[in-house]
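Each remark here refers to the structure printed beneath this line.
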Amino acid sequence: MVYDWFNRGSVPPETPADPPVDSEAKPDQSSAPQPTAPEPSVTKPAEVQASESQSSESEDDSLEWARQAYARLKAQKAEAVEAAKTVQADSTSEQNVVVPPVMEPPAASAPAAVVPPVVAPPQAAPAPALSFLEQAAAQRDQRQQELEQPAEPDPVPVVPSAAQAAPKIDEDEPSLGDFDDAFTWSAEVLAAQGRSAEQVTLEEIDWLGRLRQGMEKTRQGFVTGLLENLGDDPLTPEVLDDLESLLLRADAGVQATDQVLDALRQRMNEQVVDPSEGIRFLKEQLRDLLDEPIKASAVEVLAPQRDRLNVWLLVGVNGVGKTTTLGKLANLAVRSGYSALIAAADTFRAAAVQQVQVWGDRSDVPVVANPSANADPAAVVFDAIGAARSKGTDLVLVDTAGRLQTKHNLMEELEKIRRVVDRLAPDAHVESLLVLDASQGQNGLKQAMAFARAAGLTGVVITKLDGTARGGVALAVASEAKLPIRFIGAGEGIRDLRPFNSFEFVEALLASR
């Protein structure tokens, strides 16, 4: 089953079924809203749910909604396992069909042949004993002949056809765990975005669990201090001062911190703000701050365009994870139903081409590379675009060498690659994505602003969120560099990179459990 991660947010949650499927889908749609418990939590926005979270009825409703989603996913998983067993049993039965042997008529008896007696040849006279030097020379000649002879290939084990037909098991496939706190939190986040229990998918539940776990280090210092300062009393200026320190410590940046605090102070001047209302308002401000450059770009989710060549250049300094991010993007594109091709244009770093080829093999994506040392990166991109156009590939991912924004010759190399792309594929959709290491904090922000001036960036990919407490750098990138965040990575696995969603990011950042 192909799950398009790029376009999951563009589909309305209450979209009616297509006309051909209407007759079959109507009974399910009519039976879905019958339970009165999950309906309020699905249709209400996140703000209303947060304001009513203190009542026991809303808690019971959200828990019941999560139980329904879990039961549905569990039934789907059981059906998939049963279908796999049926296919395996059918293939095994086909292999075990016994073909009856063909009976041949008995041959006519023939007279026994007379075997002539074998006469042993006369024994040769024993050879004279060799001297010690002659024996050593003979052994040396024998070893020399053995070395000169080509080695015999190892026998290839015969694999049964049933084993050959067995599907490849993907260890990274999402699995349905227990009905625990992680599942209920993920279900509540999806419900707050307007999803129904029938629209919840295992891929989304799995990713939200990974994102929540990856943001643990940032959340520990931020949320713990925030809850301790809030308490049960209304917000005070002292609490805002503590909140300012927490935001700056998370590397949210001065501009983002001032913007959030100014909005909170204005709200406090208008009315008394209790802790729950303060957290809800804080989430709203953070989401607006992250969404501002995305709305300015007029592209909500960056996705390859169908029936058109897409070229994505990945740039950045050394050691931020460009090649790893490229491999994860290739896997994400393939899983979402797009065809992809990788251009190994990092011809400077040792073993960079081999690393790209390993990532390509993991996702079954072809790689265009030049094995010679210090090859021209623009020539590799030239060959990759030619191959992509001949095969009708949707997406070309270009891996570039790490470079500092102050190295003018390396920045000119990026411009040369861009000129090659514009000349060979003038109608292609080109994106220049900066890969940032979240653990670098404000240094990453300076890189973003410098690369934006020199390389014409169109977006940012933030990686290694799971290894740092500076996850607030995403706020600084959005507010100061004015660059839209397109993807985030929250782990080392091949599935730990997904399109950026500000609502899910803020919920994972401020999760209280």
Go over the candidates 224, 236 one by one and state the one that is modelled with pLDDT of 80 or more, assigned by TED's automatic domain parsing to the domain that holds residue 289 and among the polar types (S, T, N, Q).
-> 236
Does residue 258 qualify as being within 33 Å of the chain's Cα centre (by Cα), acidic (Asp, Glu) and under 24 Å from residue 465 (Cβ atoms)?
-> no
Just checking, how many residues over segment 479-496 are touching a Gly at 6+ places or on another chain (Cβ under 9 Å) and within 24 Å of residue 296 (Cβ to Cβ)?
-> 9
Applying the selection to segment 217-250, what residues are of a type in the set (D, E, K, R), under 30 Å from the mean Cα position of the chain (by Cα) and surrounded by fewer than 16 Cβ atoms within 10 Å (Cβ to Cβ)?
-> 249
Over segment 267-282, the set of residues among the polar types (S, T, N, Q) and either free of Cβ contacts under 8 Å to residues at least 60 places away in the same chain or in contact with a strand residue (DSSP E or B) (Cβ under 9 Å, 6 or more places away or on another chain) (or both) is 269, 271
Of all residues in segment 357-401, which are aromatic (Phe, Trp, Tyr) and under 20 Å from the mean Cα position of the chain (by Cα)?
-> 359
Could you tell me which of the residues 468, 463, 458 is polar (S, T, N, Q), surrounded by fewer than 22 Cβ atoms within 10 Å (Cβ to Cβ) and over 30 Å from residue 389 (Cα atoms)?
-> 468
Looking only at residues in segment 396-417 that are basic (Lys, Arg) and either crowded, with 19+ Cβ neighbours inside 10 Å or at pLDDT below 85 (or both), which one is nearest to residue 329 (Cα to Cα)?
-> 403
Residue check, residue 359 touching a residue at least 60 places away in the same chain (Cβ under 8 Å), of a type outside the set (A, V, I, L, M) and within 30 Å of residue 441 (Cα to Cα) | no
Please work out which residue is farthest from residue 256 (Cα to Cα), limiting yourself to segment 442-472 and to residues that are touching a strand residue (DSSP E or B) at 6+ places or on another chain (Cβ under 7 Å) and of a type in the set (A, V, I, L, M, F, W, C).
-> 455
Confirm whether residue 488 is in contact (Cβ under 8 Å) with a residue 40 or more places away in the chain, in contact with a Phe, Trp or Tyr (Cβ under 6 Å, 6 or more places away or on another chain), of a type in the set (Val, Ile, Thr) and surrounded by 22 or more Cβ atoms within 10 Å (Cβ to Cβ).
-> yes
Is it the case that segment 334-357 has a residue that's within 23 Å of residue 485 (Cα to Cα), of a type in the set (D, E, K, R), modelled with pLDDT of 90 or more and touching a helix residue (DSSP H, G or I) at 6+ places or on another chain (Cβ under 8 Å)?
-> no
For residue 339, all conditions in the list (1) farther than 28 Å from residue 510 by Cβ; (2) in contact with a Gly (Cβ under 9 Å, 6 or more places away or on another chain); (3) not assigned by TED's automatic domain parsing to the domain that holds residue 397 hold save one; what is the number of the exception?
-> (3)
Would you pick out the residues in segment 283-340 that are among the charged types (D, E, K, R), surrounded by fewer than 20 Cβ atoms within 10 Å (Cβ to Cβ) and in contact (Cβ under 8 Å) with a residue 40 or more places away in the chain?
-> 283, 284, 287, 291, 292, 300, 306, 308, 335
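The values are calculated or read from the model by the stated rules, or taken from the named source; none is laboratory data. Note that the structure is predicted; figures quoted are calculated from it, not measured. For neighbour counting, all protein chains shown are included, and Cβ atoms are generated from backbone atoms with ideal geometry for every residue, glycine included.
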